[in-house]
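Read the structure below first, then the notes.
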Amino acid sequence: MIRFHEVDKHYGHFHVLKNIELSVGEGEVVVVVGPSGSGKSTMLRCINRLETITSGELTVNGVRVNDRKVDINKVRRDIGMVFQHFNLYPHMKVIDNITLAPIKVLGTPKQEAAETAMYYLEKVGIADKAQSYPAQLSGGQQQRVAIARGLAMKPKIMLFDEPTSALDPEMVGEVLDVMKTLAREGMTMVVVTHEMGFAREVADRVVFMDQGQILEESEPEQFFSNPREERLKTFLSRLL
Ligand code: ADP
Ligand code: MG
């Protein structure tokens with residue numbers, strides 16, 4: 001579903017991604033960890049071309065996302081993204097936040113979009129908040145709305161960039177639970193997170209990034225119990 005091959009990216013003179021090799025298969029959950037500033041968000045944002053790569057090849061579903069001839073909006077329709085700061089529209093009710101893109105982008109009839117929205121709100125456990133405004137919800141509830149909004153586009157891939165980092169600790173679990181359910185149902189996911197419990201439990205593979213490079217990539221058991229790279233050992237030891 002996603003393949004980075006020899007991908008490099010520069011911000012001006014700054015070399016932010018260095019020779020990235022990464023493949024994510026259908027239904028796989030890949031968790032990306034690493035210190036702040038290591039390039040995790042940049043790598044994620046390249047997948048839906050919120051950032052462009054400098055060289056190498058990046059394909060989503062076999063489509064080269066940086067090819068000039070590619071209709072990027074078509075690629076993006078298959079990719080849902082959830083950010084640290086939920087990015088909901090504050091002036092719109094929860095239900096309207098969710099139906100907006102299906103109506104505008106997919107041309108879904110209003111009634112059908114509303115039904116789909118309710119289905120996903122049910123799924124993330126907050127159907128009763130459909131008529132509320134974002135500011136009336138807790139952080140955890142807002143993030144679940146953001147996930148429902150992503151799912152309502154029926155994407156093939158979901159990208160999560162530190163979805164629980166802005167939440168009070170007591171709300172982290174409810175968001176991770178929704179993500180675990182999605183993973184179990186076979187969604188293809190790339191998740192940047194500091195939640196090592198989630199990585200251990202849900203990831204098919206865990207990737208360690210440092211200074212723009214992928215230094216280690218392995219199954220969770222190996223990753224946490226038997227890390228090879230010195231910098232990963234140091235990173236893990238600081239979390240304890
Ligand atoms: P992470 O998500 O791992 O914290 P980022 O991908 O956000 O890392 O950033 C990696 C590096 O790239 C950081 O040093 C950051 O300052 C730099 N960076 C991020 N975005 C830009 C940008 N738009 N222009 C220049 N430098 C950037
Ligand atoms: Mg980041």
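Structure above, values below:
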read-out	value
Euclidean distance of C-alpha centroids, region 96-131 and region 203-222, integer Å	35
Accessible area per residue in Å² at 1.4 Å probe, computed on the chain	48
Phi to ³J(HN,Hα) by Karplus 6.51 cos²θ - 1.76 cosθ + 1.60 over region 42-53, Hz, x for Gly, Pro	4, 4, 4, 5, 5, 4, 9, 6, 6, 10, 9, 7
Largest-first ordering by accessible area, 1.4 Å probe, given options Lys104, Lys156	Lys104, Lys156
Under the Karplus curve 6.51 cos²θ - 1.76 cosθ + 1.60, θ = phi - 60°, whole-Hz ³J(HN,Hα) for region 95-103, x wherever Gly or Pro sits	4, 6, 4, 7, 7, 3, 5, x, 6
Carbon + sulfur, % of accessible area of the chain - ligands and nucleic acids excluded, 1.4 Å	46
Potential extension, Lys110-Thr181 segment - 0.36 nm per residue separation minus Cα distance	22.8 nm
Separation of the Tyr11 and Tyr119 label points, Cα + 7 Å toward Cβ, nm	3.9
For a label point 7 Å along the Cα-to-beta-carbon line of Ser55, residues of region 206-239 with backbone N under 19 Å	212-214
Extension gain from Asn19 to Glu170, taking 0.36 nm per residue of separation minus the Cα-Cα distance	50.5 nm
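The values are calculated or read from the model by the stated rules, or taken from the named source; none is laboratory data. Worth saying up front: this structure is predicted, and the values here are computed from it rather than measured. Note: ideal-geometry Cβ built from the backbone for every residue, glycine included; neighbour counts use all protein chains shown. Each accessible area value is taken on the protein alone, full model and side chains, heavy atoms only, with ligands, DNA and RNA left out. Shrake-Rupley method; radii C 1.70, N 1.55, O 1.52, S 1.80 Å.
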